[in-house]
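Visitor: The structure under discussion is supplied below as structure tokens; questions concerning it will follow.
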């Protein structure tokens, strides 16, 4: 049997544990995993693009466990009442190849992305940062806000979204969370006075959410919306003024903001900063950009964290996913067992009986 | 909700429908999919190797649906009472990126591999073939035998395995199926007089299950056990005497028997034969080899076939895998809803309370 965390169980676990508590715990797991970067089997995600979106598989392994995430990105989905991003993932045992846990990851991806952003900001933003501009107040916004309050000390938010309903939604949720929010009249207005700027928009195109004149010395930019070939958020001039930090070079070069730059433009992998192998922020007036696209190790961390948290609790169930006959070479016995002989079902009798 | 076919439901569907009926129906779907080869997004599978096995993801898409399979290969597993190969897979909607169906694929992979082998043999074996040698009588053996009886007209089997218990298991199952079986005293003995030779062994190494002297003119070799870099079954001399047919060049060059040959050694993709773009068997005395490693499109076919067969029947259930709030931008509402507020559970309170 394989542990299973469906949406209902994930909701109950998150609601009863609390988002801030999860983000704090997950950030410890994530720092641990980033510090042992060399142990992981790493490759860019495998993307299948269509005109309207992308479906991706994101596998990695530390040699003991293997994890992968299935995730889509469809910017037009909200107009049809659907999520832009949905996801699920599986954790498996490398020694046997058997899956261990299967989890919904739409909610979990929001938690892991927020955790990653805040972990990076602790290394890259000025330590006296208190104000964050949030450009894009969709799915990620509340999770980002709570992560930056919990891990970075952000007490004040300045928001902007081209969709007024998204800002209203955010203000409503933020009020219940006790977050201090200023609703800006433009992106320019939102970034004014901000120590940190988080961009989290979903267009599948080369957009310019931030222009060069919006960036002042000392700011940290947390750019999480640009995460596909041909999908960016920042004016390339910002990148030329900044020190750029990324997750995994091979993937970010084709998916991140730096797809706008020469292939040899300097960019530092975040794990190097965590391990002390490369500097993070070195001056108060430095402009730093975390060009985040989301990497498989972060999902591995999230799966590992959830599995440790829910195993043996009422927050997971089990599914019968592994066909395991008593004699391992006698798989056929599972489908020939006379105890299974049941009455024929017409519509399952073959393709010919089925409407395609 | 996502349709879910767990092991119990797969067993019931297969047992009540019957393996021969499924193989016949699935072969029609597979021929359809191979004939529209150009419509598919194709790439070699993504493998994560360890010392004891491999875990692979096999994605593909026809632009309307997307499918992937998770599959492991661990030759040492049976000694620990586990399956060498376990698998599961998902079918998704390209337009929304949402998953449609989740299925166990350990049993399903056995069915699709047997279907693929028999489909190839219909194109490549002599049409008067009646006798098949089966080298390796493990998990695949009964499925292969039924597929070749159903689709190719094989009425007589000559079996060999280095594990006597595996041969006894096969004889037991074969008797119940009414298959005529000769238990050979060696691989040499097994192939004597055979029209078709199927090799299906599981060592993760360069093995020589068939040597050149065992191959006579006119035989068709269905080589399905060699499917990893460094894992082969055939003496390279056999390949030099034969016309070689494969699934997908880019993958087979690194995984198949032809990894032993020069990179430009001729090999014909099977879909070309199906479409009439390349010849299959042209002479009775020709030696043909189907160097099969298993390709993502075959799994896509199998998922599509199962989904069409089980939807709306008692052979599937549903799982709650997609977090889908009423306002698609308000994912946070799913974890902040006060109706979800339940009593805290100690062991889920965070990583610190959990034994790692």
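Visitor: Just checking, how many residues over the range A:82-94 are surrounded by fewer than 24 Cβ atoms within 10 Å (Cβ to Cβ), touching a strand residue (DSSP E or B) at 6+ places or on another chain (Cβ under 6 Å) and closer than 21 Å to residue B:334 by Cα?
Guide: Residues meeting the conditions: 0.
Visitor: Just to verify a result, which residue in the range B:1-21, among those that are in contact (Cβ under 8 Å) with a residue 12 or more places away in the chain and more than 7 Å from chain A (Cβ to nearest Cβ), is surrounded by the fewest Cβ atoms within 10 Å (Cβ to Cβ)?
Guide: Among those that are in contact (Cβ under 8 Å) with a residue 12 or more places away in the chain and more than 7 Å from chain A (Cβ to nearest Cβ), it is B:1.
Visitor: Could you please find all residues in the range B:95-125 being over 22 Å from residue B:19 (Cβ atoms) and touching a strand residue (DSSP E or B) at 6+ places or on another chain (Cβ under 7 Å)? Talk me through it step by step, then tell me what you get.
Guide: Going residue by residue through the range B:95-125, those that are over 22 Å from residue B:19 (Cβ atoms) are B:95-100, B:102, B:124.
The answer is B:97, B:98, B:99, B:100, B:102, B:124.
Visitor: With at positive phi and out of contact with any helix residue (DSSP H, G or I) (no Cβ under 7 Å at 6 or more places or on another chain) as the only criterion, which of B:294, B:276 stands out?
Guide: On the way: B:294 fails: out of contact with any helix residue (DSSP H, G or I) (no Cβ under 7 Å at 6 or more places or on another chain).
None of the other options fit; the residue is B:276.
Visitor: Hey, another quick one. Looking only at the range A:62-92, count every residue that is at the interface with chain B (Cβ under 8 Å from one of its Cβ atoms) and out of contact with any helix residue (DSSP H, G or I) (no Cβ under 8 Å at 6 or more places or on another chain) and tell me the total.
Guide: Final tally of qualifying residues: 11.
Visitor: Here's another thing I want to ask about it. Return yes or no: is residue B:167 buried (at least 24 other Cβ atoms within 10 Å of the Cβ) and modelled with pLDDT of 95 or more? Break it down into steps so the answer makes sense when it comes.
Guide: Details: buried (at least 24 other Cβ atoms within 10 Å of the Cβ): no; modelled with pLDDT of 95 or more: yes.
No: the conditions fail for residue B:167.
Visitor: Oh, and also: Can you tell me which residue among A:324, A:307, A:330 is in a helix (DSSP H, G or I) and either within 14 Å of another protein chain (Cβ to nearest Cβ) or modelled with pLDDT under 95 (or both)? Walk me through it before giving the result.
Guide: Numbers: A:324 fails: in a helix (DSSP H, G or I); A:330 fails: in a helix (DSSP H, G or I).
Selected residue: A:307, the only one of A:324, A:307, A:330 that is in a helix (DSSP H, G or I) and either within 14 Å of another protein chain (Cβ to nearest Cβ) or modelled with pLDDT under 95 (or both).
Visitor: Assuming residue B:148 fulfils every condition listed in (1) closer than 17 Å to residue B:202 by Cα; (2) in contact with a helix residue (DSSP H, G or I) (Cβ under 8 Å, 6 or more places away or on another chain) apart from one, which condition is it?
Guide: If we test residue B:148 against (1) closer than 17 Å to residue B:202 by Cα; (2) in contact with a helix residue (DSSP H, G or I) (Cβ under 8 Å, 6 or more places away or on another chain), just (1) comes out false.
Visitor: Here's a follow-up. Say whether the condition of being within 11 Å of chain B (Cβ to nearest Cβ), at negative phi and more than 19 Å from the chain's Cα centre (by Cα) is met by at least one residue in the range A:101-118.
Guide: Keep residues of the range A:101-118 that are within 11 Å of chain B (Cβ to nearest Cβ), which gives A:102-111, A:114.
The next check asks that each one be at negative phi; those that pass are A:102-111, A:114.
Right, trim to more than 19 Å from the chain's Cα centre (by Cα) and you get none.
No, the range A:101-118 contains no residue that is within 11 Å of chain B (Cβ to nearest Cβ), at negative phi and more than 19 Å from the chain's Cα centre (by Cα).
Visitor: Further question: Please count how many residues of the range B:25-48 are in a helix (DSSP H, G or I) and either at the interface with chain A (Cβ under 7 Å from one of its Cβ atoms) or closer than 30 Å to residue A:83 by Cα (or both).
Guide: 4
Visitor: Let me ask another. Scan the range B:209-220 and tell me whether some residue there is surrounded by 15 or more Cβ atoms within 10 Å (Cβ to Cβ), modelled with pLDDT under 95, within 14 Å of chain A (Cβ to nearest Cβ) and within 20 Å of residue B:256 (Cβ to Cβ).
Guide: Within the range B:209-220, the first condition is being surrounded by 15 or more Cβ atoms within 10 Å (Cβ to Cβ), and the residues that meet it are B:209-210, B:214-215, B:218-220.
This time we only want the ones that are modelled with pLDDT under 95, so: B:209-210.
With within 14 Å of chain A (Cβ to nearest Cβ) added as a condition, the list becomes none.
The answer is no, given that none of the residues of the range B:209-220 is surrounded by 15 or more Cβ atoms within 10 Å (Cβ to Cβ), modelled with pLDDT under 95, within 14 Å of chain A (Cβ to nearest Cβ) and within 20 Å of residue B:256 (Cβ to Cβ).
The values are calculated or read from the model by the stated rules, or taken from the named source; none is laboratory data. Predicted, not measured: the structure shown is a model, and the values here were computed from it. Cβ sites come from the backbone with ideal geometry, for glycine too, and all protein chains shown count toward neighbours.
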